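*Asks:* Handing you a structure now.
The values are calculated or read from the model by the stated rules, or taken from the named source; none is laboratory data. Only a predicted model underlies this, so the values are computations on that prediction, with no experimental measurement involved. Because the Cβ atoms are built from the backbone with ideal geometry, glycine has one as well, and the counts that use them run over all protein chains shown. Note: accessible area is taken over every heavy atom of the protein model, side chains too, but ligands, DNA and RNA are not part of it. Shrake-Rupley method; radii C 1.70, N 1.55, O 1.52, S 1.80 Å.
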Amino acid sequence: MVYYVEDDTNIRELTLYALKQAGIEGQGMANDAEFRRACAERKPDAILLDIMLPDTDGLTILKRIRQDPSLSRVPVMMLTAKDTELDTVRALDAGADDYLATPFGMLELVSRVKVMLRRTRLSHAQEIVDEHLQVGPLDLWPSRREVTLDGKELQLTMREFDLLEFLMRSPGVVFSRETLLQRVWGWDFDGGSRTVDVHVQTLRSKLGDPHKGGHSDLIETVRGVGYRLRA
């Protein structure tokens, strides 16, 4: 079940129709109050959230979701007319797993929702072996969706976790933005996306300033190529 919080009836109904045509069950809410009631009745598998709402702004709702133990691991995609990089960074910093600015194509939206749902199912699968990855001060357990830095747990969004896991599986290997988009996001590269750069930026901020004991320098930029995790 995908919940979509959007006060514009036309946009909400069109989006829900597109999801239904793709075989994805969805439910729409016009405001935060309706969203709260729906979550009390049933936990969603993914959430689509508009920033500009009549009663509460979407970023406030997002922060509340991430503080709620029952919802904290539910993937959230922000859908909004705001498309500046600052708005994107604020949404990702608040815990969004994805971000799509309007006007957006329904095929792209459905594709991204499918990726979110697929990753949610994988993270819930009990058959996954409790694998442990370690690179320097980083320890990561894919099946538990947990990562620690110097023994302290890091709070990462779904995308940040997936990106870090991918890099940790091949330390020292340089990956282009195209490869990262295809392997981590499941998208085809369009030649102009800043998605990878923004997620690397927020992930580095959580790893901390190396001048203050942090480890953001673990993720290296290889100019003209892409990124790698320092071995």
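*Asks:* Go through (1) within 20 Å of MET1 (Cα to Cα); (2) open to solvent by 30 Å² or more (accessible area, probe 1.4 Å); (3) modelled with pLDDT under 90 for ASP83 and report which single condition fails.
*Replies:* (1)
*Asks:* Of everything in region 11-40, what is open to solvent by less than 70 Å² (accessible area, probe 1.4 Å), of a type in the set (Asp, Glu) and within 18 Å of ARG118 (Cα to Cα)? Give them in sequence order.
*Replies:* None; the set is empty.
*Asks:* Something else now. Which one is farthest from the chain's Cα centre (by Cα), of the residues in region 135-145 that are within 13 Å of GLU165 (Cα to Cα) and surrounded by 14 or more Cβ atoms within 10 Å (Cβ to Cβ)?
*Replies:* Within region 135-145, the subset within 13 Å of GLU165 (Cα to Cα) is 135, 138-145.
With the extra rule that they be surrounded by 14 or more Cβ atoms within 10 Å (Cβ to Cβ), the set shrinks to 135, 138-143, 145.
Values: VAL135: 23, LEU138: 20, ASP139: 20, LEU140: 17, TRP141: 18, PRO142: 16, SER143: 17, ARG145: 13 Å.
By that ranking, first place goes to VAL135.
*Asks:* Still on this structure: Mind telling me which of the residues ALA91, ALA96 ends up being in a loop (DSSP other than H, G, I, E, B) and crowded, with 17+ Cβ neighbours inside 10 Å?
*Replies:* Result of the check over ALA91, ALA96: ALA96.
*Asks:* Oh, and also: Just checking, how many residues over region 47-65 are among the hydrophobic types (A, V, I, L, M, F, W, C), out of contact with any Ser or Thr (no Cβ under 8 Å at 6 or more places or on another chain) and at pLDDT below 90? Walk me through how you get there before you give the answer.
*Replies:* Initial filter on region 47-65 (among the hydrophobic types (A, V, I, L, M, F, W, C)): 47-49, 51-53, 59, 61-62, 65.
Next, only the ones that are out of contact with any Ser or Thr (no Cβ under 8 Å at 6 or more places or on another chain) stay: 47, 49, 53, 59, 61-62.
If we keep only those that are at pLDDT below 90 as well, we get 53.
Total satisfying the criteria: 1.
*Asks:* Tell me which residues, restricted to region 138-169, are closer than 14 Å to ARG204 by Cβ and assigned to a loop (DSSP other than H, G, I, E, B).
*Replies:* LEU154, LEU156, THR157, listed by residue number.
*Asks:* Please work out which residue is modelled with the lowest pLDDT, limiting yourself to region 177-188 and to residues that are surrounded by fewer than 16 Cβ atoms within 10 Å (Cβ to Cβ) and out of contact with any Phe, Trp or Tyr (no Cβ under 9 Å at 6 or more places or on another chain).
*Replies:* ASP188
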